[in-house]
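See below for the structure under consideration.
Laboratory data are not the source of any read-out in this text; all were calculated from the coordinates shown. Source: prediction; values computed, not measured. Counting neighbours? That spans all protein chains shown, and the Cβs are built from the backbone with ideal geometry, glycine included.
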Amino acid sequence: MTDIFVQLGVGFLHCLTPANLLMLVIGITLGLLVGVLPGLTLVMGVALALPFTYKMDVTASIVLLTAMYIAGTYGGAFTAILFRIPGEPIDVPMLWDGYTMGRNGHAAKALGWTLMAALIGGVISGVIMVLLTQPLAKFALRLSSPEYFAILVFGLSSVVALGRGALANALISLSVGLLIGAVGTDPIYGAYRFTFGSSLLADGIEFLVVMVGAYGVGEVLSRLEAGFATKPVEQISGARTQLPSTREMLALKVPFLRSSLLGNVIGIVPGAGATIASFVSYGVEAQFGRRSKEMGTGVAEGIVAPQAAATASVGGALVPLLALGIPGSGATAIILGAFMLHGIQPGPQILVTSSTMVYTVFASLFLGLALMCLIGYFAIRFLVKILDFPEAVVSAYVLILCFIGALSIRNSVVDLWLMIGFGILGYLFERLKFPVAPLVLGVILGPLAEESFMNSMISFSNDWTIFFTRPMAGGIMALTAVVLALPFIQKWWVRRRRVVPS
């Protein structure tokens, strides 16, 4: 335990160096802007920033993206409370009580509750993250390639099960991602796969191109089809934040703690993320809270629950990413890409080989929370003023960033065409109700799962039953089967209840 605190102290010192501190401030500011602007989702914002970290130091780049991730869970609360415009799905539960409280004449108080919920949820989650990551990584060091393959399969399957829409659509999206990840040269035998005789595809398709195209270009195409229908909103003069008193805070200590812990647990589950944490936490508070019957009428619990859970999910999602190499959300999938872009594979060994960097990232989460609240408190008038920009102008800047990011990877025009192609694919996925997250996770985790599978086959004489006969691997595979079966079980149960007379 002492060793953890010593390393965390060293992490704070590294985080306060000019380069890392600058990236922290930039990340928080960009995250708040992304959260405020409707149409720029959290994952999309982090994906757009990823190409610009290519030439940066690995620690500074992870600090930047993590800061954006944290602030993005909070920025959308401004527009949700003031204008009834959720920046992204995370902020939808904020409308039910936050906007209602604002309409009742207490918008400043609603913003204050949001700020304190984000701060407390983030701090509790950060403490759990620091205490849990190292033991989980030490446990994972005992695992072999069959267990790693089972964990990766679980990570992929949980994203599918939690993907929006039909399970079949999510499976198709994941399969497309796995196929894209398989393009290039086989890592074991050196054979070309799906290159169709093109030397340009021999090195594979950069996952960065897929992410920027599917999220960035795809979203711009969707908004272009809608004719950029979102209009600038009327500004609210004198927008400010009023913090709740200590007595008011103590009266809500149970919702604060319950929502923070729930958000942390949901964040740890691969594929869940801040949106699910926000909705589930609000639902739990509406069912079991002290003022459950008043939820939706503008009570503070309806603001604290979704915001604390959403911010707490950040620390939770970073735990499996750092300890196991499994992203817990769409944003951490992008952060995983940043690690791999710099030649670092997150997992049990990262606390041995790059402990200083890991604890610097831990420290940046706490400093980032403080900066986020400071900037959010004083800069609210500026943040809501950017809503004056027409949606077409914002989309044009997004498209420019996409092209710059894709071109900066390998300075290849081919990557630009590939990005456009994946942008069209992302647009079609949105039109046809196919989730994009399984596609991106398949591109990133597919090659890792293949490597673990091949290593297992080589080590255990091509005995595929090893994934089921080894206790840990078999248990994880069984859990994967349960996760995949849950949607079918739920549908069967609903049908059964409709058929059986009450």
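Couple of notes before you dig in:
- Cα long-axis angle, helix 58-83 against the chain (0 to 90 degrees, to the nearest 10): 40 degrees
- Angle between the chain longest axis and helix 471-499 axis [Cα atoms, degrees, rounded to 10]: 60 degrees
- Taking the Cα centre of the chain as origin and assigning +1 to Lys and Arg Cβ atoms and -1 to Asp and Glu Cβ atoms, the resulting dipole is close to 1440 debye.
- FRET efficiency estimate (nearest 0.05) - Cβ-Cβ, LEU432 to VAL393, R0 45 angstrom: 0.95
- Residue-averaged 222 nm ellipticity for the chain, from DSSP H runs of 4+ at -39500 (n - 2.57), nearest 500: -23000 deg cm²/dmol
- Protection proxy ranking for 438-449, 304-315, using the average of other Cβ atoms within 10 Å per residue and placing the highest first: 304-315, 438-449.
- Cα shape, the chain, gyration tensor, a/c 1.5 rule: rounded
- Loop-resident GluC sites (Glu not before Pro) (DSSP state other than H, G, I, E or B) in the stretch 400-469 with no more than 12 further Cβ atoms inside 10 Å of their Cβ are absent.
- Within the straight-line cut-off of under 13 Å between alpha carbons, the aspartates and glutamates reachable from LYS109 are ASP97, GLU248, GLU301, sequence neighbours fewer than 8 places apart in one chain being disregarded.
- Helix axis angle, 355-378 relative to the chain longest principal axis, alpha carbon, degrees: 30 degrees
- Range in the chain, longest, excluding exposed chymotrypsin sites (Phe, Trp or Tyr not before Pro) [loop by DSSP; at most 15 other beta-carbon atoms within 10 Å]: 197-463
- Annotation: amide H of GLY325 within the under-5 Å range of GLY347, sequence separation 5 or more or interchain, hydrogens built in the peptide plane.
- Whether the stretch 392-477 is rounded, prolate or oblate, judged on the alpha carbon gyration tensor where a/c under 1.5 counts as rounded: prolate
- Spin-label model, LEU250 to GLN345: label points 7 Å out along the Cα-to-beta-carbon direction sit 5.3 nm apart.
- Sorting the segments 292-301, 41-50 by their residues' average number of neighbouring beta-carbon atoms within 10 angstrom, most packed first, yields 41-50, 292-301.
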